[in-house]
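Encoded as structure tokens, the structure appears first; notes follow it.
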Amino acid sequence: MGETDLDTTVLTHGVAEKTATTGDIERCIEELRINGYALASSGLEESELAQARDVLDQVYAQQAEEVGGEDNLRLMKDANIARAVCAYDPLMLKIATLPVILDVAAAFLRQYCVLMSHNGILNQPGRDHYQFTWHRDLNYQHYTSSRPLALSALLAVDPFDEVTGGTYVLPGTHLFEAFPSEDFVRNHQKVVKCPPGTIIFFDAMLYHRTGKNNSNDVRRAVNHIITPPMLRQQYNFKEIFAQRGVEVEDPKVRDYLGFEYEIPKSVKDWREGKIEAARAAKARQP
């Protein structure tokens, strides 16, 4: 019997506690906690996805030129990655702050969180990519925690299918410290396939990898890593936005981008920041 023929009747006995879900966000959270991954719609229009493809290609070309060409990116094993893309185009900032991403992050992490990393991934046909190898988005970490450390949100900009290559996952591996045996990987890996506009959420400690692109076209995605502010951001978004002359006025977006989490340059700066925060808190009191 195939998976599509499974009996979907849910009957129990001897069960005193049961989880109930009432919406798409709660469904995602339950799947994330148990399986380590979940899918949801981004709500983006096809015209926005088409624009995102062009933006990712343009940002990557610009960033390659900044370091002397794509050969230098290959040298540092950073080819086919467009970095900090939310600072380069309003659509990318819109994607980084999509309501479904912020809502799932808030419910999953259950605390204030910031955007640690925001990269475009260009999976070129017939080319190797370091993302082909199994990894956690929090690299080199081999421990578990009672609460999740970080959330990854991968937006499929192009189709993820048998030809373009989906994202491979090892369900449940976010709950274990060590990478599993090769036999386990071969027997239990799953490939996630989805149409453009789908967001693949996963616990950042889940082992996953990119599938090989056997099509004739680039397969693009935008990855977000969202963490509590106790983890250092990959980029100084405040400085990158300033360098590009881009203003961010929404205080919630500024907080999400970590604008208020700069490392003080001196003890005096640290104390002045604390004084300013205390005065602001006092002013808000009735």
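What FRET efficiency comes out for the pair K77/E239, r = Cβ-Cβ distance, R0 = 30 Å, nearest 0.05?
Step by step, r from the Cβ atoms, then E = 0.75.
Across 5 Å bins from the origin, how do the percents of Cα pairs in segment 217-257 run, short distances first?
Taking every Cα pair in segment 217-257, the percentages come to 5, 16, 24, 21, 18, 8, 6, 1.
Using only the Cα atoms of segment 162-278, construct the convex hull and provide its projected area averaged over every direction, in square nanometres to one decimal.
Across all orientations, segment 162-278 yields a mean hull projection of 11.8 nm².
Over the chain, with the other protein chains present, what is the accessible area per residue in square angstrom, probe 1.4 angstrom?
58
For the chain, which whole-number percentage of the solvent-accessible area (1.4 Å probe, protein heavy atoms only) is attributable to carbon and sulfur atoms?
Here carbon and sulfur together make up 51 percent of the probe-accessible area.
What are the GluC sites (Glu not before Pro) within segment 29-99 that DSSP puts in a loop, where the Cβ has at most 11 other Cβ atoms within 10 Å?
Loop-located and lightly packed - E45.
Which value results when the Cα radius of gyration for the chain is divided by 2.2 N^0.38 Å?
1.09
Expressed as a whole percent, how much of the Cα-Cα distance distribution for segment 217-286 exceeds 17 Å?
62
May I ask for the equivalent-ellipsoid semi-axes of segment 79-120, computed as the square root of five times each C-alpha gyration tensor eigenvalue and listed largest first in whole Å? Mind showing how you got there, number by number?
Values: eigenvalues 92, 28, 12 Å².
Its equivalent ellipsoid spans semi-axes of 21, 12, 8 Å.
I'd like to know how segment 115-228 sits against the 2.2 N^0.38 Å rule of thumb: what's its Cα Rg over that expected value?
In units of the 2.2 N^0.38 Å rule of thumb, it is 1.04.
Determine the principal axes of the Cα atoms in segment 57-134, then give the extent along each, sorted from largest to smallest and rounded to whole angstroms.
Taking max minus min along each principal axis of the Cα atoms, segment 57-134 gives 41, 31, 20 Å.
How large is the Kirkwood hydrodynamic radius of segment 1-114, counting all unique pairs of alpha carbons, in Å? Each step should come with its number before you reach the end.
On the way: mean 1/r = 0.0554 Å⁻¹.
About 18.1 Å for segment 1-114.
How high is the relative contact order of segment 5-111, in percent, counting Cα pairs under 8 Å that sit 6 or more residues apart?
Relative contact order comes out at 26 percent.
Below 8 Å between Cα atoms, with a sequence gap of 6+, how large is the relative contact order for segment 152-192 in percent? Don't skip to the end; give the middle numbers.
Working: 24 pairs, mean separation 19.2, N = 41.
Normalised by residue count, the contact order of segment 152-192 is 47 percent.
Return the calculated 222 nm mean residue ellipticity for the chain, to the nearest 500 deg cm²/dmol, obtained by summing -39500 (n - 2.57) across DSSP H runs with n ≥ 4 and dividing by the residue count.
So the calculated ellipticity at 222 nm is -10000 deg cm²/dmol.
Mind grabbing the base-10 log of I(q)/I(0) for segment 172-241 at q = 0.22 Å⁻¹? Debye formula, identical points on the C-alpha positions, no solvent, two decimal places.
At q = 0.22 Å⁻¹ the computed log10 ratios are -1.19.
Relative contact order of the chain: what whole-number percent is it, with Cα pairs under 8 angstrom and at least 6 residues apart?
Values: 451 pairs, mean separation 69.0, N = 286.
Taking the mean separation of contacting Cα pairs over the length of the chain, I get 24 percent.
Using a 7 Å offset from the Cα along the Cα-to-Cβ direction at both F184 and E48, what is the distance between the two label points in nm, to one decimal?
With each label placed 7 Å out from Cα toward Cβ, I get 3.9 nm.
The values are calculated or read from the model by the stated rules, or taken from the named source; none is laboratory data. All figures in this text were calculated on a predicted structure; none of them were measured in a lab. Heads up, the Cβs are rebuilt from the backbone with ideal geometry, glycines too, and the neighbour counts pull from every protein chain shown. Heads up: the accessible areas ignore ligands, DNA and RNA and are worked out on the full protein's heavy atoms, side chains in. Shrake-Rupley method; radii C 1.70, N 1.55, O 1.52, S 1.80 Å.
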